[in-house]
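The values are calculated or read from the model by the stated rules, or taken from the named source; none is laboratory data. Predicted model, so just to flag it, every value in this text is computed and none were measured. No Cβ is skipped: glycine too gets one built from the backbone with ideal geometry, and neighbour counts run over all protein chains shown.
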Amino acid sequence: MVKKIAGVLGATGSVGQRFILLLNEHPDFELKYLGASKRSSGKKYSDAVNWKQTDLLPDFAKDIIVSECDPAYFKGCDVVFSGLDADYAGEIESSFKDNGFAVVSNAKNHRREENVPLIVPIVNIDHLDILPKHDKKGFIVCISNCSTAGLVAPLKPLVEKFGPIDALSTVTMQAISGAGFSPGVPGIDILDNIIPYIGGEEDKMEWETKKILGSISQDQSHIKLLTDDEIKVSAQCNRVAVTDGHTECIALRFQNRPAPSVDQVKQALEEYVCDAYKLGCHSAPKQTIHLLEQNDRPQPRLDRNRDNGYGVSVGRVREDPLLDYKMVVLSHNTVIGAAGAGILIAECLLAKNLI
Ligand SMILES: NC(=O)C1=CN([C@@H]2O[C@H](COP(=O)(O)OP(=O)(O)OC[C@H]3O[C@@H](n4cnc5c(N)ncnc54)[C@H](OP(=O)(O)O)[C@@H]3O)[C@@H](O)[C@H]2O)C=CC1
Ligand SMILES: N[C@@H](CC(=O)OP(=O)(O)O)C(=O)O
């Protein structure tokens, strides 16, 4: 198969660097174009980037000249991935869309537009069906907030099997890579410490969950959100001294009575196979949800790379005296919560003939 040509906007950042790693020798995409701010443009990528990944910078990217994020420099791209700073992403991504590009964005700016799919690719790729074909028109697909990705992954099979969840609580412990690299979280703030506030995060989690678990409108033009009456979501977000991997303690209640048994809940989680895997997408996790029975798991350092970071780990599934069940969820924030999600979404777009 001839590979599709890809570009990355915000290529020097935390998410951008992860895109470079994940697109190295990708069977479907050839990464040819890199964009960042004026500070980086005109330089070779290896000179522009402050590389912070534990894997080495792949050779193919070293000599690519970074350009400004202007559609004129990205001619010929079949798909453009964006890891742009949210202060600039809104306008730049719109200009790429208006110039006919298929844009897969990590930023929050377009997530709330009703005709923009908000996708966690192990949960709701059916929402891509509202998009026009790329050869007719440009479009934007948004990747969800990273902690929301981990939250909704176990909810999907439970709702599919047992019906609506009407109350949901999550308390997060989020990795520092989630705050980006410019400037990032200072060591003095996070070492020997926990910061019980991440600006805007709780509102994003509470709102985005309702869109991701929502449905396609009858005329296939937009996504209908779950209403506040259908599901109440409460999020509390904390930054902890972990490099990668967001951990969340969640509790939930089913609307239907009697609620399923704990064994039925575990079985539904373990048996879930995401649609991206059924479509044969290269990066889709073989095991979408890894159900861990040891009482001290999941742990970020030990479990975040399951299925190369595309799988989500769930442990400590047990009854909850307030709601029905509680559990601990771990997801890799820059893989299934960001760049990896973008790539898996693009693989789904390809499988659905949308690019
Ligand atoms: N980190 C994570 O886990 C997640 C991040 N996101 C979202 O992804 C996006 C990127 O986040 P992250 O990688 O953490 O951020 P970083 O701060 O690490 O990177 C920001 C990128 O944007 C570029 N940039 C900054 N200003 C401009 C400009 N004026 N014009 C063009 N490019 C510019 C930077 O280029 P330069 O180096 O030249 O300054 C850099 O490449 C954000 O919107 C964030 O909210 C979403 C989910 C998870
Ligand atoms: N706020 C997330 C990362 C992020 O940038 O989220 P969003 O894409 O929703 O802005 C974190 O701090 O871990």
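Evaluate the following for SER182: is it surrounded by fewer than 22 Cβ atoms within 10 Å (Cβ to Cβ), in the same structural domain as LYS278 (by TED's automatic domain parsing), among the hydroxyl-bearing types (Ser, Thr, Tyr) and within 16 Å of ligand 1 (Cβ to nearest atom)? Spelling it out, SER182 is indeed surrounded by fewer than 22 Cβ atoms within 10 Å (Cβ to Cβ), in the same structural domain as LYS278 (by TED's automatic domain parsing), among the hydroxyl-bearing types (Ser, Thr, Tyr) and within 16 Å of ligand 1 (Cβ to nearest atom). Checked against (1) touching a helix residue (DSSP H, G or I) at 6+ places or on another chain (Cβ under 8 Å); (2) outside the structural domain of ALA179 (by TED's automatic domain parsing), CYS281 passes all but a single condition, namely (2). Filtering the stretch 33-77 to residues that are surrounded by 18 or more Cβ atoms within 10 Å (Cβ to Cβ) and either modelled with pLDDT under 95 or of a type in the set (A, V, I, L, M, F, W, C) (or both) leaves LEU34, ALA36, ALA48, VAL49, ALA61, ILE64, VAL66, CYS69, PHE74, CYS77. If you take the residues in the stretch 140-168 that are surrounded by fewer than 19 Cβ atoms within 10 Å (Cβ to Cβ) and in a strand (DSSP E or B), which one is nearest to ligand 1 (Cβ to nearest atom)? Once the filter is applied, the top-ranked residue is ALA167.
Condition first: modelled with pLDDT of 95 or more, more than 16 Å from ligand 2 (Cβ to nearest atom) and farther than 12 Å from LEU349 by Cα. Now tell me which residues in the stretch 124-152 satisfy that. Hit for the stretch 124-152 is ASN124, nothing else. Of all residues being more than 29 Å from PRO285 (Cβ to Cβ) and charged (D, E, K, R) in the stretch 115-138, which is surrounded by the most Cβ atoms within 10 Å (Cβ to Cβ)? Just the residue, please. The qualifying residue surrounded by the most Cβ atoms within 10 Å (Cβ to Cβ) is LYS137. Per the listing LEU323, LEU302, LEU291, the residue uniquely of a type outside the set (Ser, Thr, Tyr), touching a Leu at 6+ places or on another chain (Cβ under 6 Å) and over 24 Å from ASN124 (Cα atoms) is LEU323. Scanning the stretch 226-245 for residues that are closer than 29 Å to GLU114 by Cα and part of a loop (DSSP other than H, G, I, E, B) yields a total of 6.
If the condition is being within 6 Å of ligand 1 (Cβ to nearest atom) and in contact with a Leu (Cβ under 7 Å, 6 or more places away or on another chain), then the stretch 84-95 contributes only LEU84. Residues of the stretch 189-217 that are free of Cβ contacts under 8 Å to residues at least 60 places away in the same chain, within 14 Å of ligand 1 (Cβ to nearest atom) and outside any helix (DSSP H, G or I): ILE198, GLY199. Scanning the stretch 94-115 for residues being part of a helix (DSSP H, G or I) and within 19 Å of GLY340 (Cα to Cα) gives a total of 0. Across the stretch 299-346, the qualifying residues are those that are within 25 Å of THR54 (Cα to Cα) and among the charged types (D, E, K, R), and the one among them that is nearest to ligand 1 (Cβ to nearest atom) is ARG304. In the set (1) more than 16 Å from ligand 1 (Cβ to nearest atom); (2) part of a loop (DSSP other than H, G, I, E, B), ARG253 fails one condition alone, (2). Which residue is farthest from ligand 2 (Cβ to nearest atom), if the candidates are limited to the stretch 154-188 and must be out of contact with any helix residue (DSSP H, G or I) (no Cβ under 9 Å at 6 or more places or on another chain) and in contact (Cβ under 8 Å) with a residue 40 or more places away in the chain? Checking each candidate, the answer is GLY163. Residues in the stretch 82-109 that are surrounded by 14 or more Cβ atoms within 10 Å (Cβ to Cβ), more than 17 Å from the chain's Cα centre (by Cα) and within 16 Å of ligand 2 (Cβ to nearest atom): TYR88, GLY90, ILE92, GLU93.
For the subset of the stretch 304-333 comprising residues that are under 17 Å from the mean Cα position of the chain (by Cα) and hydroxyl-bearing (Ser, Thr, Tyr), which member is surrounded by the most Cβ atoms within 10 Å (Cβ to Cβ)? Within the stretch 304-333, the match that is surrounded by the most Cβ atoms within 10 Å (Cβ to Cβ) is SER331. Restricted to helices (runs of 4 or more DSSP H) entirely inside the stretch 6-81, those with at least 1 residues that are charged (D, E, K, R) and more than 16 Å from ligand 2 (Cβ to nearest atom) are 45-48, 59-62. Would a scan of the stretch 6-23 turn up a residue that is over 19 Å from the mean Cα position of the chain (by Cα) and either free of Cβ contacts under 8 Å to residues at least 12 places away in the same chain or within 14 Å of ligand 1 (Cβ to nearest atom) (or both)? Checking the stretch 6-23: not a single residue is over 19 Å from the mean Cα position of the chain (by Cα) and either free of Cβ contacts under 8 Å to residues at least 12 places away in the same chain or within 14 Å of ligand 1 (Cβ to nearest atom) (or both).
For the stretch 110-120, residues that are away from ligand 2 (no atom under 15 Å from the Cβ) and within 15 Å of the chain's Cα centre (by Cα) total 1.
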